[in-house]
Amino acid sequence: MPSHTLTLIPGDGIGPEVTNAVTRVLAASGVVITWDRHDAGLTAVERTGKTLPQALLDSITRNRVALKGPVTTPVGHGFTSVNVGLRQALGLYANLRPVANLPGVASRFANVDLVIVRENTEDLYAGVEHTVVPGVVESLKIITEAASTRIAEFAFRYVEANGRKRVTAIHKANIMKLSDGLFLESTRAVAARHPDVAYDERIVDAACMHLVMKPEQFDVLLLPNLYGDIVSDLCAGLVGGLGVVPGANLGTDVAVFEAVHGTAPDIAGQDVANPTALLLSALLMLQHIGEMDAARRIRAALDRVLTGGRVRTRDLGGTASTRAFADAVIAAL
Ligand code: NAI
């Protein structure tokens with residue numbers, strides 16, 4: 001069996017609890033992984049004085065693959081987002097978030113099976129803000145043809161490689177005619193190069209309404225950064241919440257796998273977080289490194305635990321701890 005050296009960022013808040021649960025499940029599956037552990041954010045500042053230590057960036061560049069727990073970003077003050085910094089530093093331009101119903105997880109909708117492709121490097125997340133005069137601030141929304149074309153190509157290739165059918169571009173180009181206009185123009189040019197993939201467009205506000213009324217009509221959603229962030233959480237709510245939706249940040253050479261959720265300070269340290277979202281992210285990671293069989297076996301074990309209904313974390317209406325849930329998946333393996 002091949003062995004892998006991968007970077008692990010436990011993160012903070014519920015991060016260490018869910019990453020511990022997930023690494024235990026991966027080990028139980030028989031996949032041989034040596035974890036190169038690194039801190040980021042608050043935990044890294046305590047040890048290294050930096051939120052994004054160079055050793056961490058070097059580790060991911062060297063290993064090419066990382067599994068990441070969530071990292072706190074202070075609201076309104078303090079350091080800039082470690083997550084945004086990591087994506088920019090490593091060129092992780094594509095954020096992929098498959099959103100699908102899980103067996104045994106109750107939600108308002110059945111048959112949700114969509115994929116969010118979010119541009120990860122620019123838009124209002126470029127973080128270019130300044131005070132014009134006291135009481136007036138300006139935040140710049142940066143959209144480039146290059147980044148829009150790159151993410152659109154990613155979305156259309158994803159459709160082709162994964163047996164999907166359609167890309168829906170989501171925008172607000174009726175108001176932001178230049179910025180979202182350029183995003184759309186770039187996407188249309190890419191769509192023209194992929195005539196076998198169906199393509200349509202929705203304005204973001206109407207898209208949200210359609211998503212909460214008839215989500216099963218959507219296939220692959222392509223969004224600029226900010227709408228992608230917001231719509232991802234909305235879509236998580238369609239299938240059972242943030243505890244069950246995985247994600248991946250992909251660049252040309254490196255990939256960082258992480259759940260959609262954050263550090264959940266309201267439940268951190270209580271051993272009650274649902275590790276499913278990070279486990280599903282880890283399964284995307286296993287597929288990425290070619291461990292298809294282990295990914296299949298873990299997924300089957302997870303499905304058995306979820307459909308069994310006896311062992312559930314609090315967010316899904318149960319009383320099981322994070323640890324007990326991981327134990328149940330390991331037992332099912
Ligand atoms: P959050 O995702 O941490 O929490 C939102 C709600 O969902 C909370 O009620 C929380 O208890 C619940 N929740 C989240 N994950 C869960 C899980 N695995 N199991 C059970 N319940 C879960 O979002 P919030 O509160 O907006 O952000 C908290 C912090 O996380 C902020 O500092 C934010 O910047 C950071 N964050 C980090 C991310 C990352 O590292 N990729 C992504 C999103 C937020």
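All of the numbers you see were taken from the coordinates with simple rules; none came from a lab. Since this is a predicted model, take the numbers as computed values, not measurements. All Cβ positions, glycine included, derive from the backbone under ideal geometry; neighbour counts span all protein chains shown.
Here the 3J(HN,Hα) profile of the stretch 311-320, calculated from phi with Karplus coefficients 6.51, -1.76 and 1.60 at θ = phi - 60°, is 10, 9, 7, 4, 4, 9, x, x, 10, 5 Hz, Gly and Pro shown as x.
For the pair the stretch 80-151 and the stretch 311-329, the centres of their Cα atoms are 30 angstrom apart. Per-peptide packing, taken as the mean over residues of other Cβ atoms within 10 Å, places 65-72, 210-217, 155-162 in the sequence 65-72, 155-162, 210-217 from highest down. Peptide packing: for 50-59, 248-257, the average count of neighbouring Cβ atoms within 10 Å per residue gives the ranking 248-257, 50-59, highest mean first. Note on the stretch 108-238: lysine pairs with Cα distance below 25 Å, sequence gap of 8 or more or different chains, count 4. Sorted from longest to shortest, the spans of the Cα atoms of the stretch 1-62 along the three principal axes equal 38, 27, 12 Å. Expressed in Å, the radius of gyration and Dmax of the Cα atoms of the stretch 108-238 are 15.4, 53. The packing ranking of peptides 146-152, 187-193, highest mean first, is 146-152, 187-193, where packing means the average number of other beta carbon atoms within 10 angstrom of each residue.
Distance from the alpha carbon centroid of the stretch 261-304 to that of the stretch 2-35 works out to 10 angstrom.
Scaled to the globular estimate 2.2 N^0.38 Å, the Cα spread of the chain, given as radius of gyration, is 0.98.
In the chain, what percentage of the DSSP-assigned beta bridges are antiparallel, given to the nearest 5? About 40 percent, rounded to the nearest 5. What would the Debye equation give as log₁₀ I(q)/I(0) for the stretch 256-333 at q = 0.13, 0.25, 0.26 Å⁻¹, counting only Cα atoms as equal point scatterers? One equal scatterer on each Cα of the stretch 256-333 leads to -0.40, -1.21, -1.25.
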